[in-house]
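Everything below concerns the one structure shown next.
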Amino acid sequence: MVDFEIRKKILKTIKKRIHLASNLGIVELTIAIHKVFESPKDQIVFDVSHQCYAHKLLTGRNDDKFLKIRQSNGYAGFCSRSESDHDIFTCGHSGTALSSAIGLAVAKKIHQEDGHVIAVLGDASLTNGVTLEALNNVSLAAGRLIVVLNDNGYAITENVGAIANYLNGMVRSAWYLKLKTLIKFFFRAFPGGYSAVDWFAKIKMVIKGLIIPSTLFEHYGLKYLGPIDGHSIPDITENLEFCKKSKAPILLHVKTQKGRGLQQAIDNPSDFHGLAPAGSDKLTSKTSYQEIFGLAAIKLAETHKNIVAITAAMSTGTALDKFKDRFPDRFFDVGIAEEHAITFAAGLSRNGLLPLCAIYSTFLQRSLDNVIHDIALQNLPLICCIDRAGINSSDGPTHHGLFDIAYLKFIPNVIILQPKDGNEFIQMLFSAIQWSKPCFIRYPKAELDTCVLNWTPDTIDLGTAEVVNHGRDVCLVSLGSMYNTALALHKNLSNSNIFCTIINARFANPIDEGLILEMARKHSLIVTLEDHSIKNGFGSSVAELLYTNGIFIPIKIFGWPNEFLPHATSRESLADKYSITPDAMANEIKKILGK
């Protein structure tokens, strides 16, 4: 397939703009890599791998399943080892490519296997701590490792920080670029000049060194080539052929245009990365927790001068872009560096500021040590908003936020909350300011019905749940987004003369022990509902509470199975597959009660 055919296929397939700009920008580069190297003998590893659509099309996946990518019975939106031998490494997070590629290359060397390892990473990945740690060990890979740096100036939003400035400076070195081009044309003007270009490739490192200081990469033992045009297949092919002959690890710096082939994506690469614009001041017929958080952050900052906002390259996705416009001096985008974001927040908190730190659930996983050592140990005030908590259907196992309660609840001093709706989310944000403790508020990416938002809420007492409805048979204890499911379950059971008490738990840690113990003594069955893994989640805490207090009432925990769940078209399709719909749960409860 040629470049325009691949772009046509991608544009036809991606109707919801999911990872559109990044995939359009890497088409020629992917074609050149597959032209020069023999996959899977030569192992290609993509960082994040959200830009792997052309790779999928070139490796036998140009079929009906590609047309349903990221949907049920379609291909994954990321590389997946279970899907193809050409997908060398399953991934969906930034910063993993270089470390894994070094490991693959060293294993090839030990096993005396032929072939190269090609790590394709974006410039934004260089801000990630894992990548920088890998750079320190890159010499282990010897001559089997080729790093292709796909430099488009963007992660999801425009790249920030010293490394981004450094790369921009290299690209802007006009003298070097002009001299390189002139010398190449000079050689080709003579008989045999095309073969002389190979000789030129060998000496252009010297030319570059006369004009640009030794690069960051060369200090780590990684030879550097570039920057070159990332949309010229001949240029990329020529340079990759040279890289194949290198006796040491080598990096090819490729300059690409995010969204190439679609002018709207070129003009608005952030919007066309994979997210609809968030953070609008005007709420439409549907809103989201993200929009409400963006508005709430501004309102809180207007009345609390010590509030600052932090994101890790996700200002648009977390809806902090409006905060950035309103309070530029109190907004910090630290790049793809979640560990640094948390410890940076700890430093801010230690000196009297209150950080609002917004990070996706699966990205916060990286920061566990920082949460323990830098925040919780010192009991520093922090409000960390855990975005995309729960099922993220089309993204799949690398992005499902199903483990955050489990990896946070055992940490002393940590408070974990989840709202049932938008107004309760506002109430939790306002309350967390008063508690002055490490607070983590989790919420999904989900549409909410528009309601009148209450910007003067009463505060919540720490660790207290809310009784919504009184019944005599079953106590339904729901957490967060499972509240509406609990209401539907209550209605279903009522039709069978099974009457429920409904509790809106609000807190995953600490849980309302007094209320739950009281309800356990009044009901025949305790049922918990959570958008989280059933292993070590909210329901596990309830079961542990009952057991340690000698109450052996039956308990049924509803949540997601302790597995890496696949991608799917919708949350509902996964709920149906794993029997956590109101009807399926009602049938299970009836069996337990003998009805």
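Readers should treat all values here as calculations from the given coordinates under stated rules, not as data from a laboratory. Owing to the predicted nature of the structure, the values given are computational and were not obtained by experimental measurement. Note that we place each Cβ from the backbone using ideal geometry, even for glycine, and neighbour counts take in every protein chain shown.
Observations
- Near residue 477, the amide H atoms lying under 5 Å from its own belong to 503, 527, 528, 529; only residues 5 or more places off or on other chains count, and H is placed 1.01 Å from N.
- Estimated from the Cβ-Cβ distance and a Förster radius of 56 angstrom, the FRET efficiency linking residue 587 and residue 218 is about 0.30.
- Alpha-carbon Rg/Rh ratio, for the stretch 1-112, with Rh computed the Kirkwood way: 0.97
- Based on every Cα atom in the stretch 276-449, Rg and the maximum pairwise Cα distance Dmax equal 14.6, 43 Å.
- Packing-based order for 37-50, 548-561, using average beta carbon neighbours within 10 Å, highest first: 37-50, 548-561
- Seen from residue 514, the other residues with C-beta closer than 12 Å to its C-beta sum to a net charge of -3, counting Lys and Arg as +1 and Asp and Glu as -1.
- Phi to ³J(HN,Hα) by Karplus 6.51 cos²θ - 1.76 cosθ + 1.60 over the stretch 297-303, Hz, x for Gly, Pro: 4, 5, 5, 5, 5, 5, 9
- Averaging Cα coordinates gives a centre for the stretch 79-103 and one for the stretch 519-590; these two points are 33 Å apart.
- Cut-off under 5 Å, modelled amide H: who pairs with residue 396 long-range: 568
- Net charge of Cβ neighbours under 13 Å - reference residue 359; Lys, Arg +1; Asp, Glu -1: -2
- Residue-by-residue Karplus 3J(HN,Hα) for the stretch 320-335, coefficients 6.51, -1.76, 1.60, Hz, glycine and proline x: 8, 5, 5, 4, 4, 5, 7, 10, x, 7, 10, 10, 9, 9, 9, x
- Theoretical FRET efficiency, 1/(1+(r/R0)^6), r = Cβ-Cβ of residue 82 and residue 11, R0 22 Å, to 0.05: 0.20
- A Förster radius of 25 Å, combined with the Cβ-Cβ distance separating residue 237 from residue 570, puts the computed FRET efficiency at roughly 0.05.
- Around the amide H of residue 508, modelled in the peptide plane, lie the amide H atoms of 416, 417, 418, all under 5 Å away and 5 or more residues distant in sequence or on another chain.
- Local electrostatic count at residue 130 - Lys and Arg +1, Asp and Glu -1, tallied over other residues with Cβ under 14 Å: -4
- Three-way shape label, the stretch 479-538, alpha-carbon gyration tensor, a/c 1.5: oblate
- Approximate spin-label separation residue 472-residue 488, in nm, with each point projected 7 Å along Cα-to-Cβ: 2.9
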